[in-house]
There are 2 protein chains.
Amino acid sequence: MGRTIGPRETKVADEDRLVKQVSLKSEDFSKWYVEIIRKAELADYAPMKGMMVIRPYGYAVWENIQSLFDRRLKATGHQNAYFPLFIPESLLQKEMAHVEGFAPQVAWVTQGGQDELEERLAVRPTSEAIIGSMYAKWIKSYRDLPVLINQWANIVRWEKVTRPFLRTTEFLWQEGHTAHATLEEAQRETLDILALYQEFVETELAVPVVAGLKTEWDKFAGALQTYAIEALMTDGKALQMGTSHNLGQNFSKVFNIRFEDKDQNLQFVWQTSWGISTRLIGAVVMVHGDDSGLRFPPAVAPVQAVIIPISLGNWKETVMPVARRAEEELSRAGLRVRLDAREEFTPGWKFSEWEMRGVPLRLEIGPKDIKEHKAVAVRRDVRRKEALPLASLAEAVPALLGQIQAGLREQARDFLRQNTHTTDDYEEFKRLIETRRGFIRSHWCGDRECETRVKDETMANIRVMPLDKGEAAAGTCLVCRKKSDTLAYFARAY
Amino acid sequence: MGRTIGPRETKVADEDRLVKQVSLKSEDFSKWYVEIIRKAELADYAPMKGMMVIRPYGYAVWENIQSLFDRRLKATGHQNAYFPLFIPESLLQKEMAHVEGFAPQVAWVTQGGQDELEERLAVRPTSEAIIGSMYAKWIKSYRDLPVLINQWANIVRWEKVTRPFLRTTEFLWQEGHTAHATLEEAQRETLDILALYQEFVETELAVPVVAGLKTEWDKFAGALQTYAIEALMTDGKALQMGTSHNLGQNFSKVFNIRFEDKDQNLQFVWQTSWGISTRLIGAVVMVHGDDSGLRFPPAVAPVQAVIIPISLGNWKETVMPVARRAEEELSRAGLRVRLDAREEFTPGWKFSEWEMRGVPLRLEIGPKDIKEHKAVAVRRDVRRKEALPLASLAEAVPALLGQIQAGLREQARDFLRQNTHTTDDYEEFKRLIETRRGFIRSHWCGDRECETRVKDETMANIRVMPLDKGEAAAGTCLVCRKKSDTLAYFARAY
């Protein structure tokens with residue numbers, strides 16, 4: 001028996017009461033974002049500033065992302081491995097641009113047990129340096145190439161301003177690191193992965209993106225080129241969803257990663273690296289959520305269908321056995337299903353709870369439904385009701401989930417289309433950014449000063465130069481009016 | 001084109017040449033262990049002392065372990081989550097026994113970016129403290145219980161003496177952390193998980209274990225009781241394979257984790273924690289390996305079957321299409337299969353290479369076999385050859401793999417049986433430890449001094465007090481000869 005405690009001590013922390021009342025997405029987007037994440041139990045704040053705990057309901061989304069993307073990586077010949085968390089300072093310092101880019105964000109281990117360390121160890125902010133030092137040992141011959149290795153790992157970057165999933169001191173990601181015999185092969189890998197990211201995010205997260213090249217001054221520290229996919233949140237701000245870097249020989253030259261080619265000459269390898277992270281969960285929240293809460297695409301939803309027994313009459317004897325059978329059948333069909341049989345809550349309370357938590361499909365089963373051999377299915381995306389025959393739930397539910405996945409994707413595509421503007425007129429550009437935000441597609445001369453002026457005056461910058469230029473003809477730079485055939489997507493961004 | 005480098009620079013590091021020549025397991029067990037791990041490409045040394053890189057071939061074993069165990073965890077109602085890597089010193093210090101146990105092994109972060117931190121952050125050596133602080137926020141009512149959360153994570157413990165997989169500064173593990181309304185429930189969970197560990201390790205790793213209670217002075221820092229499973233390596237030393245702790249209310253009292261029971265009284269929860277780690281890979285290497293290299297149980301083997309085309313005559317036209325078809329069929333049947341079509345190596349070289357790397361089944365296909373519509377299957381465990389009809393590989397190979405899994409398990413069981421001795425005679429005990437090692441099952445009075453004497457004189461200590469005592473009657477303490485009905489398994493250990 002535990003010690004019992006007086007009633008005076010039962011008070012629940014105010015912080016926890018407050019979160020029950022959530023802002024509306026349409027009224028205060030950024031307040032809604034942080035509140036819904038806690039209320040839906042995706043994540044919670046840790047006792048250390050800038051760090052978060054990913055709770056089971058949020059971690060299940062990550063597990064689904066991992067499993068769906070890992071399958072794609074393996075199908076394209078990549079293998080997983082695991083490299084150390086700590087990187088000696090001297091190793092991190094070998095590639096100059098790399099260390100300058102990351103040093104301000106590194107957490108340093110200086111003590112091990114009771115001892116001061118002779119050399120500081122960086123907690124990995126990314127793993128090019130440690131992996132480069134190993135590739136130098138493993139790669140000897142052209143026969144060892146390509147090396148196509150990925151790792152799923154935690155990453156630490158000391159951040160001043162943080163927001164759950166979008167920017168935290170620690171986050172989870174996958175980082176691919178490949179080595180090739182030629183520049184062409186490395187470039188092909190860089191773009192193949194970018195395309196894989198785009199297909200993955202659009203298919204499974206139902207989030208449409210723009211894919212393209214980053215500017216020279218926005219690229220990864222140590223890369224030749226950085227490519228990215230960028231999505232538009234419903235507040236009109238862009239979010240970087242994943243990056244793919246062609247590293248050239250920058251790392252192979254400092255880490256001495258060489259192979260003997262067919263003519264027995266030693267050459268430096270050509271490398272790539274690329275990553276997506278738990279940030280994707282934040283994108284799903286922002287892109288699909290509405291004033292009633294989250295809306296998960298079925299492919300990554302922690303729970304795809306929730307069954308709610310309608311508690312009327314002797315429901316425990318009549319409704320529950322049918323509800324349980326439905327749960328079993330749907331589970332057996334490979335769906336993530338939950339039966340909410342709690343007695344302390346009304347069906348109505350459960351409806352809003354699971355709507356708020358974003359479950360794509362609700363199945364209501366009551367005494368009347370059972371007489372009619374049906375369940376009432378309610379779609380979270382469009383809130384439409386329809387009756388499904390109880391006998392064929394295992395076929396009808398997956399079909400409906402497919403429609404929901406497609407429906408969410410279509411809605412997000414429409415939003416992106418409606419909020420992507422095209423103009424080379426800087427006054428119109430400023431008006432658009434002020435009033436509607438979104439992506440603005442404009443010609444740009446390539447000079448940093450022109451982008452800086454846009455940034456200073458509008459808080460928007462170049463997100464990417466698109467790979468797919470559509471039918472755009474040449475135009476004039478948004479700022480300086482020089483002739484230009486380079487298109488850029490501008491936006492304010494997270 | 002890469003810069004070409006003169007021939008003088010082509011020399012391969014001596015270290016890498018040396019590892020090609022591996023010691024025999026039967027002659028120098030511990031040298032063989034570290035050499036085979038590098039030669040088979042399971043792992044490699046990192047540039048930092050005490051840390052290792054898990055290479056794709058080794059990481060695939062961990063992925064199989066994760067997937068097979070995670071399935072069991074979910075089937076028993078556990079959910080995954082993710083907690084922060086860093087634990088503020090003040091939080092770690094709350095539970096006194098806990099901090100005293102772990103402080104000597106903690107790596108400390110003292111700098112973030114350019115700033116000195118006000119409070120040191122521990123890189124998690126285990127997560128009871130950080131998880132306890134979150135449970136205090138999440139658990140309010142008896143309706144919130146039990147909480148059954150697990151995390152897959154990396155762990156850092158500053159170690160003086162390290163050995164790949166067995167003891168490294170960083171390792172990967174799962175750690176379960178549960179909270180319950182009563183001591184009885186927590187105790188049941190502790191023992192249920194111990195039984196799950198035993199079943200998992202014996203079934204999938206084919207490693208038989210002894211399950212039991214640790215002594216008071218060998219328990220987890222902060223636990224009421226620690227239970228463990230222990231296996232016997234073929235050098236006669238024991239290896240701890242997993243632990244399950246009943247934490248009682250030790251952590252709930254210091255972290256203030258309370259729930260309102262049905263009578264509206266506040267009570268402290270009862271907790272458990274438990275873990276298995278990448279150390280299991282080391283056990284598989286040591287238990288099943290032989291003088292030709294590794295022998296993987298099919299359930300966790302990175303490659304379950306390797307197809308080797310016999311390169312005779314116009315084999316590329318005749319043999320390769322058949323070999324490719326076999327690879328496709330076995331893949332489609334869900335097997336992890338590899339076709340080794342490399343032209344620079346002979347079939348004979350490939351036979352020893354894949355034997356060394358522990359692939360459970362080799363399929364040889366040559367021109368003559370094709371005429372006879374068969375493949376030659378060679379089992380790695382007993383080296384027996386048999387012909388399999390090409391038309392039914394997808395049924396025959398899984399059946400053979402099942403036999404290999406059972407065969408390795410039976411061999412390891414026999415070894416454990418033959419190397420578990422029973423005696424209450426201390427002279428015989430000493431002789432056994434000197435000559436044969438293994439487990440020695442002896443009565444013990446419960447006094448620490450008696451165990452200390454055994455340890456000082458024989459380097460063996462108590463591994464566990466078995467849950468299953470068999471038909472052992474009461475006896476007399478090995479050392480002091482007091483009457484005792486407590487049995488203990490003694491062994492030298494890793």
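Points to keep in mind about this one:
- Cβ-Cβ FRET estimate between B:D115 and A:R72, R0 fixed at 45 Å, reported to 0.05: 0.70
- Projected over every direction and averaged, the convex hull enclosing the alpha-carbon atoms of the stretch B:355-494 yields 11.6 nm².
- Quotient of Cα Rg and 2.2 N^0.38 Å for the stretch A:75-127, N being how many residues it contains: 1.38
- R0 of 45 Å, Cβ-Cβ distance B:L24-A:A333: FRET efficiency to nearest 0.05: 0.30
- Within the shell defined by Cβ-Cβ distances under 14 Å, the residues around B:M241 carry a net charge of +1, with Lys and Arg each +1 and Asp and Glu each -1.
- Fraction of antiparallel bridges per DSSP, the protein assembly as shown only, in percent to nearest 5: 85 percent
- Placed amide H near A:L247: partners under 5 Å, 5+ positions off or other chain: A:L224, A:Q271, A:T272, A:S273
- Calculated P(r) of the stretch A:336-384 - Cα pairs past 17 Å, %: 37 percent
- Too-long pairs where the Cα-Cα distance tops 20 Å, listed order kept, from B:K31/B:K214; A:K39/A:K237; A:K430/A:K455; B:K140/B:K253; A:K39/B:K253; A:K39/B:K94: B:K31/B:K214; A:K39/A:K237; A:K39/B:K253; A:K39/B:K94
- Sequence of A:Y142, A:Y33, A:Y227 once ranked by neighbouring C-beta atoms within 10 Å, starting from the fewest: A:Y142, A:Y33, A:Y227
- Gyration tensor (Cα) of the stretch A:43-288, equivalent ellipsoid semi-axes in angstrom: 29, 24, 16
- Estimated FRET transfer efficiency when R0 is 22 angstrom, pair B:W217-B:A473 (beta carbons, to 0.05): 0.20
- Here is how the number arises for the protein assembly as shown: DSSP H runs of 4 or more residues each give -39500 (n - 2.57), the sum is divided by the residue count, and the result at 222 nm is -11000 deg cm²/dmol.
- For B:F83, net neighbour charge (Lys/Arg +1, Asp/Glu -1) across residues whose Cβ lies under 13 Å away: -1
- Between B:E317 and A:L312, the modelled labels are 7.7 nm apart [label points 7 Å from Cα along Cα→Cβ].
- Length added when fully stretched, B:K31-B:R324, from 0.36 nm per residue minus Cα-Cα: 101.6 nm
- If you wrap the tightest convex hull around every Cα atom of the stretch B:130-227 and split its volume per residue, you get 142 Å³.
- As a ratio to 2.2 N^0.38 Å, the alpha-carbon radius of gyration for the stretch A:371-444 is 1.84.
- Put in line by how crowded their Cβ is, counting other Cβ atoms within 10 Å and starting with the fewest, A:E451, B:E89, A:E260, A:E100 read A:E100, B:E89, A:E260, A:E451.
- Whole-Å semi-axes of the ellipsoid equivalent to the stretch B:420-491 (Cα gyration tensor, √5λ, descending): 17, 14, 11
- Of the trypsin sites (Lys or Arg not before Pro) in the stretch B:256-306, those whose Cβ has at most 16 other Cβ within 10 Å and which sit in DSSP loop: B:K262
- Largest-first ellipsoid semi-axes for the protein assembly as shown, taking √(5λ) over the Cα gyration tensor eigenvalues, angstrom: 46, 39, 31
- The alpha carbons of chain A give a radius of gyration and a Dmax of 25.8, 84 Å, in that order.
- Packing-based exposure ordering (other Cβ within 10 Å, fewest first) of A:M233, B:M459: B:M459, A:M233
- Shape of the stretch A:69-169, Cα gyration tensor, a/c cut at 1.5: oblate
- Size-normalised alpha-carbon gyration radius of the stretch A:271-355, reference 2.2 N^0.38 Å: 1.45
- For the stretch A:305-399: rounded, prolate or oblate by the Cα gyration tensor [a/c cutoff 1.5]: rounded
- Using the Cβ of B:F165 as centre and a radius below 13 Å, the other residues enclosed give a net charge of +2, where K and R count +1 and D and E count -1.
- Gain upon complete extension [A:K385, A:L183; 0.36 nm per residue less C-alpha separation]: 67.2 nm
Coordinate-derived values only; no laboratory data. Keep in mind that this is a model prediction, so the values were computed, not measured. Note that each Cβ is placed from the backbone with ideal geometry, even for glycine, and that neighbours are counted across all protein chains shown.
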